[in-house]
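Encoded as structure tokens, the structure appears first; notes follow it.
Each reported figure results from applying straightforward, stated rules to the coordinates on display, with no laboratory input. Computed from a predicted model, the values in this text were never measured in an experiment. Cβ sites come from the backbone with ideal geometry, for glycine too, and all protein chains shown count toward neighbours.
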Amino acid sequence: MAELFEITELVKIGIDDEKAGVGFYQTMAERADNERLKAIFADLADQERYHQRRFEQMLEDLGGHTPSREQYAGEYRQYLQALTSDRAFPDPDAARKMAQECPDDRSAVELAVRFERDTLLLMHEMASLMPDKHRDVVNDLAEEEQSHLVTLADARRQL
């Protein structure tokens, strides 16, 4: 018989993802050589904090959400593992450490771009599984992450 899985597991991953972004961007805001990039990283850290709060609120609201059925036992857990195993930042501590070890601003921007792409993939998956009342929130957050990618791409061109 197929197991049930809770969407809250995916939201918790989203919260951890945002915490990792805060750690990386805050550290890079302190370490970057380029003053414009310092400001960009500080702004991105603030935006990731905002996203984290939105996900935390969503997690509270989802307390009574009815779980979905898997097609086969372990399907969802295997998918989550595949989706998250190669993330740019496995956790907030790793994100801060990676920021401290970035050899230069260009490397930091490249890593940030990878992080934002990973986050977008996660958010698109979340949106496909969310109850209707939360789907718009996830889609809004994904649009903000898309703007982060554009900001970082601009910064990369200017380095």
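A few remarks follow.
- On Cα atoms only, tilt of 132-158 relative to the major axis of the chain in degrees: 20 degrees
- Value of relative contact order over segment 4-158, rounded to a whole percent, pairs C-alpha under 8 Å and six or more apart: 31 percent
- Between segment 12-51 and segment 99-119, the alpha-carbon centres lie 11 Å apart.
- Burial ordering of 17, 132, fewest other beta-carbon atoms within 10 Å first: 132, 17
- In the chain, helical runs assigned H by DSSP with n ≥ 4 each contribute -39500 (n - 2.57); averaged across all residues and rounded to the nearest 500, the mean residue ellipticity at 222 nm is -27000 deg cm²/dmol.
- Rg ratio (alpha-carbon, reference 2.2 N^0.38 Å) - the chain: 1.09
- Label-point separation, residue 144 to residue 79 (7 Å along Cα→Cβ), nm: 2.6 nm
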